[in-house]
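Encoded as structure tokens, the structure appears first; notes follow it.
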Amino acid sequence: MDMDLSGLTLPKSDSHKGQNGRLLVIGGSALFHAASLWALEVASRIVDLVHYSSVPENNMLVKSKFRNGIVIPRSDIHAYIEEDDCVLIGPGMTRDAQTKVLTDELLKQYPKKQWVIDAGALQMMDVALIPKNAILTPHHAEFAHVFGNAEVIDVAKKYQCIVLLKGPKDIASDGKRSQIIEGGNEGMTKGGTGDVLAGLIAALACKNDPFLATRAGSYINKKAGDALYKTVGPFFNASDLAAQIPKTMKELLI
């Protein structure tokens, strides 16, 4: 099923740096290094400015591998939360007290910011602190861990947020409307493909309605996976997917 993407905001020919989106990614840990790198790689191809913050050892690693954004210490994140259009939190963060304290503190302090909450932050957050219009991106196990056997539309309605339940068929809901996004293939079960999707959605959410950004991100991600399948079958990884997404976006949007 095709999706109408005509409502997505595209860079204008007379725009200047910063006008096409500024994204802050808070993620990574001493244990998980690559997850947030995949989110950064895809986001840096879409928005003008990408900022990244992690624990010190992961900041050093990302500095050595990522050349298309600015790495900042955790002590500076408040200034960047204030100035950036959207904040993605969670890729590569461990499920522990440190993640919970940081996530809850930031969600409580910045309830009006556009948030995308993924992975470790999603699993550890206090659900009572979910900001209005936040985008949650759980797979089925994460959804069950956080919300039990609730329905996606009921969770979205209760917390006034957007939920994307990832799977062979993604389910997106804002509590009023729900949509099933089909596509994708078995190659997309690889570790890191969900982090690519989170980075894509967060980048789109910088300058678009959050429900549109969520649905479009899911659709583009699946289309990119299907394009890869035509060339290499299921034998691709998250880095391949991140590199394919800009090509798929050009075909769909320009």
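Each reported figure results from applying straightforward, stated rules to the coordinates on display, with no laboratory input. Keep in mind that what you see is a predicted model, and the values were worked out from it rather than measured. Positions of Cβ are backbone-derived with ideal geometry, glycine not excepted, and every protein chain shown enters the neighbour counts.
Which helices count as membrane-span-like in the chain under these terms: full DSSP H, at least 15 Å along the axis by C-alpha, Kyte-Doolittle mean of 1.6 or more? Let's see the in-between values first.
On the way: long enough: 97-109 (18 Å, -0.45); 193-205 (18 Å, 1.72); 210-232 (32 Å, -0.18); 238-253 (22 Å, 0.11).
The answer, listed by residue number, is 193-205.
Determine by what factor the alpha-carbon radius of gyration of region 15-100 differs from 2.2 N^0.38 Å, reporting the quotient.
1.02
Of 12/176; 100/176; 65/112; 157/247; 190/230; 113/176, which sit over 23 Å apart, Cα to Cα? Walk me through the numbers on the way to the answer.
Values: 12/176 32 Å; 100/176 29 Å; 65/112 32 Å; 157/247 35 Å; 190/230 17 Å; 113/176 21 Å.
Cα-Cα > 23 Å for 12/176; 100/176; 65/112; 157/247; rest within.
How much length, in nm to one decimal, is gained on full extension between residue 149 and residue 57, taken as 0.36 nm per residue of separation minus their Cα-Cα distance? If you can, show how the numbers build up before the last one.
Numbers: separation 92, 0.36 × 92 = 33.12 nm, distance 3.77 nm.
Contour length minus Cα-Cα distance gives 29.4 nm.
Output the antiparallel fraction of DSSP beta bridges having both residues in the chain, as a percent to the nearest 5.
Among the beta bridges of the chain, antiparallel pairing accounts for roughly 25 percent.
Counting pairs of alpha carbon atoms under 8 Å apart in space and at least six apart in sequence, what relative contact order in percent does the chain give? List each step's numbers first, then the result.
Numbers: 520 pairs, mean separation 49.1, N = 254.
After rounding, I find 19 percent.
Can you give me the three principal axis dimensions of region 22-253 from its C-alpha atoms, in Å, biggest first?
Projected onto its principal axes, the Cα set of region 22-253 covers 45, 43, 30 Å.
Among 34, 91, 211, which residue has its Cα positioned farthest towards the positive end of the charge dipole of the chain, with +1 placed on the Cβ of Lys and Arg, -1 on the Cβ of Asp and Glu, and the dipole taken about the Cα centre?
So the residue furthest toward the plus end is 211.
Rounded to the nearest 20 debye, what is the charge dipole size of region 1-109 about its Cα centre when +1 sits on each Lys and Arg Cβ and -1 on each Asp and Glu Cβ? List each step's numbers first, then the result.
Numbers: 11 positive and 14 negative charges, 74 e Å.
Using only the charged Cβ atoms, the result is roughly 360 debye.
Dividing the convex hull volume of the alpha carbon atoms of region 134-202 by its residue count, what do you get in Å³ per residue?
Considering the Cα atoms of region 134-202, their hull volume per residue is 85 Å³.
By how many nm would the segment from residue 19 to residue 231 grow when fully extended, if each residue of separation counts as 0.36 nm and the alpha-carbon distance is taken off?
Length difference between fully extended and current span is 72.8 nm.
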